[in-house]
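Worksheet for the structure shown next.
What follows is calculated from the coordinates using simple rules that are stated; it is not laboratory data. Every value quoted in this text rests on a predicted model; they were computed, and no experiment measured them. As a convention, Cβ positions derive from the backbone with ideal geometry for all residues, glycine included, and neighbour counts pool all protein chains shown.
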Amino acid sequence: MIRLEHVTKVYEQNRAVALEDVSVDIQKGEFVFLVGPSGSGKSSMLKLLTRELAPSQGRIWVAGKELNSLSSWKVPYLRRNIGNIFQDFKLLPNKTVYENVAFALEVIGRPKHVVSQQVPQILELVGLANKRNNLPHQLSGGEQQRVSIARAFVNRPLILLADEPTGNLDPQTSVGIMRLLDRINKTGTTVLMATHDQNIVNSMRRRVIEMEPGGRVIRDQARGVYGYGA
Amino acid sequence: MSLKPAYFAKEAAINTRRNLLMAAAAVLAVTLSMFFVGSTMMVWRFFDNVTARWKNDVQINAFLADDASESQRSAAEVEIREWNEVKAVTFISKEEALDEFREMFADQEALVDSVTADTLPASFRISLEDPSMLPQVQDRLEKVAGIDDVVSAQEEVKRVQRVVTILNAFLLVLAVILVIAAVVLVSNTIRLAIYARRREIEIMRLVGATNWFIRWPFILEGLFQGLVGAGLAIAILLVVKKLAVQWLSNTASFLPLGIPGTFVAFAAFAMVFLSVLIAGGGSALSLRRYLDV
Ligand SMILES: Nc1ncnc2c1ncn2[C@@H]1O[C@H](COP(=O)(O)OP(=O)(O)O)[C@@H](O)[C@H]1O
Ligand SMILES: [Mg+2]
């Protein structure tokens, strides 16, 4: 489902090395944690997968497509197979919960009847059916992250990329979010989650890919923990 | 790709409302520039009318010397009539010249009173088969005995044409400057609209909206500004044209004021077309710079 072959990413502006000769292979349906200190290249790797960034060297496959040779007009269609969630939720502040989720379907041209059928379903799944008319600022952090998960998942993507989704949430709320991501993973969706959160990684015991500053992968372990020392 | 015209139109309207002041400035710039383009075309067409008539209607005035005898006069008249290039010859006596003068300056009594039949020379008024033969005929006339001075409107026509050319070049330069200003202003409002919607655009990219889906509302917004500008310019131009014709027909009724409707329609079409180019150019400029994927 996701495959990186000797991928190196160097930012041209400041010569910062974000990924250094990274090779990773993730199968369909896997749940993978991407761990490592700040600046070790986790976000950069996720951005390479949606082709927001292009690699300096190496090749990348996502959802059966080879990204290096993918023409740019096809990139939107690639992205329809990938859901994205972030630490800061990226919700539209002047749209309601319902509108935020519906927006993701509308702008890829889904017909009205599909939108009005799918959005309530997904809001039910994330447990926000009763808050569909609230604006983001009327929600708690955890609820906002649920909206963003609903938006990422409403189009039933093959892959879900999460960049520190619990970074702004308290431990209690984080557990709820992880349960939701776990449920989504159980539907067959491949989940790749960058995180700093030791407790979560240690309690879930999934595959862990660890990176170090300079962008090298130093560990790739099935049913791993956050760090050896932890 | 499924097109959603209603969605795009709504988004474009929201953008415009958000930046009403900038949008108004852009529309104004389009209006101004298109008004100048339109009036340049009208002025050009108008003078083309005038000079065309003058060109085809050239008369030569050959003034007789005051001391020319009656026999010299009739000999000259007979000779001129025989030339192939000459269509018609009319003799204007001193008395007839005075009558014409009085009529032409009827409002200016002091002037009329100061002139008697003696002051004005008699003349032949000569029209030609082919206006382009004028210089040759003029040369020949000057050599005819009894003729003192030969005058035609040719120099006048040339002078007017020179003035019109300069005036038109000036208007054109002004129009080009205004068109550039309009492109910049439209581009600026689109840039602001893009900035105001940067969050939406980020999400659209993230979830896989196509580039054209993202661009359309902004292009429509630009087009809308262009078309409103062109419409206003056409309306203003028609009003100004009407007033100008009214004014000229009172003060200069001898001028051919009619500009054909087909030409007006052509000018209007050109203005709409140009404003669409302006709007498209302005939008494209901002989309390229601020909406790259
Ligand atoms: N847009 C960017 N331009 C230049 N350098 C960047 C950019 N984004 C990240 N970097 C650099 O790339 C390296 C990896 O950053 P990042 O992928 O954000 O790591 P992480 O998500 O693990 O904190 C860092 O050294 C960072 O400074
Ligand atoms: Mg990061």
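Charges only on Cβ, +1 for Lys and Arg, -1 for Asp and Glu: so what's the dipole of chain A about the Cα centre, in debye to the nearest 20?
Charge dipole, chain A, about its Cα centre: 700 debye, nearest 20.
Taking R0 as 30 Å, what FRET efficiency do you get between residue B:93 and residue B:159 from their Cβ-Cβ distance, rounded to the nearest 0.05?
It comes out at approximately 0.50.
Taking chain B as a Gaussian network, where each spring joins two C-alpha atoms under 10 Å apart, which residue of B:146, B:229, B:38 fluctuates the most?
B:146
Aspartates and glutamates near residue A:47 by alpha-carbon distance under 14 Å, same-chain residues fewer than 8 away left out - which ones?
Within the straight-line limit of under 14 Å, residue A:47 reaches these aspartates and glutamates: A:163, A:164, B:202.
Only Lys, Arg, Asp and Glu count, each charged at its Cβ (+1, +1, -1, -1), so figure out the dipole size of the range B:59-152 about its Cα centre, rounded to 20 debye. All intermediate terms of the calculation are to be shown ahead of the outcome.
Values: 8 positive and 22 negative charges, 69 e Å.
The dipole magnitude comes to about 340 debye.
With the dipole of the range A:165-230 worked out from charges on the C-beta (+1 for Lys and Arg, -1 for Asp and Glu) around the Cα centre, which of A:185, A:227, A:214 lies farthest toward the positive end?
A:185
With a cut-off of at most 15 other beta carbons within 10 Å, and DSSP calling the residue loop, which chymotrypsin sites (Phe, Trp or Tyr not before Pro) in the range B:214-293 qualify? Please list them.
Here the chymotrypsin sites (Phe, Trp or Tyr not before Pro) that fit, given the DSSP loop and packing criteria, are B:254.
List, in the order given, every pair from A:9/A:74; A:28/A:74; A:95/A:186; A:65/B:10; A:65/A:95; A:42/A:90 whose Cα-Cα distance in the structure shown is over 25 Å.
Over 25 Å Cα-Cα: A:95/A:186; A:65/B:10; A:65/A:95.
Averaged over every viewing direction, what's the projected area of the C-alpha convex hull for chain B? Give it in nm², one decimal, please.
21.7 nm²
List residues of the range A:184-211, by number, whose backbone nitrogen lies under 12 Å from a label position 7 Å along Cα→C-beta of residue A:221.
Answer for the range A:184-211: A:202, A:205-211.
Label residue B:266 and residue A:70 with points 7 Å out from Cα along Cα→Cβ: what is the distance between them in nm?
Inter-label distance under the simple model: 5.3 nm.
Sequence neighbours fewer than 8 away in the same chain don't count; with that in mind, list the lysines whose C-alpha is under 19 Å from residue B:158.
Residue B:158 reaches B:55.
In nm, to one decimal, how far is the modelled label at residue A:140 from the one at residue B:248, with both set 7 Å along Cα→Cβ?
Calculated label separation equals 7.9 nm.
Go ahead and run the numbers for FRET between residue B:110 and residue B:70, Cβ-Cβ distance against an R0 of 35 Å, rounding to 0.05.
0.55
How large is the charge dipole for chain B, taken about the Cα centre, if only the Cβ atoms of Lys, Arg (+1) and Asp, Glu (-1) carry charge, to the nearest 20 debye?
Its charge dipole is roughly 3580 debye.
Considering the zone a paramagnetic label at residue B:143 would reach in this model (a point 7 Å from Cα along the Cα-to-Cβ line), which residues of the range B:60-88 have amide N under 17 Å from it?
B:76-77, B:79-86
So for the pair residue B:61, residue A:12, with labels modelled 7 Å out along Cα→Cβ, what separation do we get in nm?
7.5 nm
Which order results if B:278, B:126 are arranged by neighbouring Cβ count within 10 Å, fewest first?
Numbers: B:278 30, B:126 25.
Going from sparsest to densest Cβ surroundings: B:126, B:278.
Run the reach check for residue B:87 against aspartates and glutamates, Cα to Cα strictly under 19 Å, same-chain hits fewer than 8 apart removed. What comes back?
Those aspartates and glutamates meeting the cut-off are B:57, B:77, B:79, B:129, B:130, B:139, B:142.
Sort B:74, A:174 so that the residue with the fewest other Cβ atoms within 10 Å of its own Cβ comes first and the one with the most comes last.
B:74, A:174
How much FRET efficiency would the formula 1/(1 + (r/R0)^6) give for residue B:24 and residue B:100, where r is the Cβ-Cβ distance and R0 is 56 Å, rounded to 0.05?
E between residue B:24 and residue B:100, to the nearest 0.05, is 0.50.
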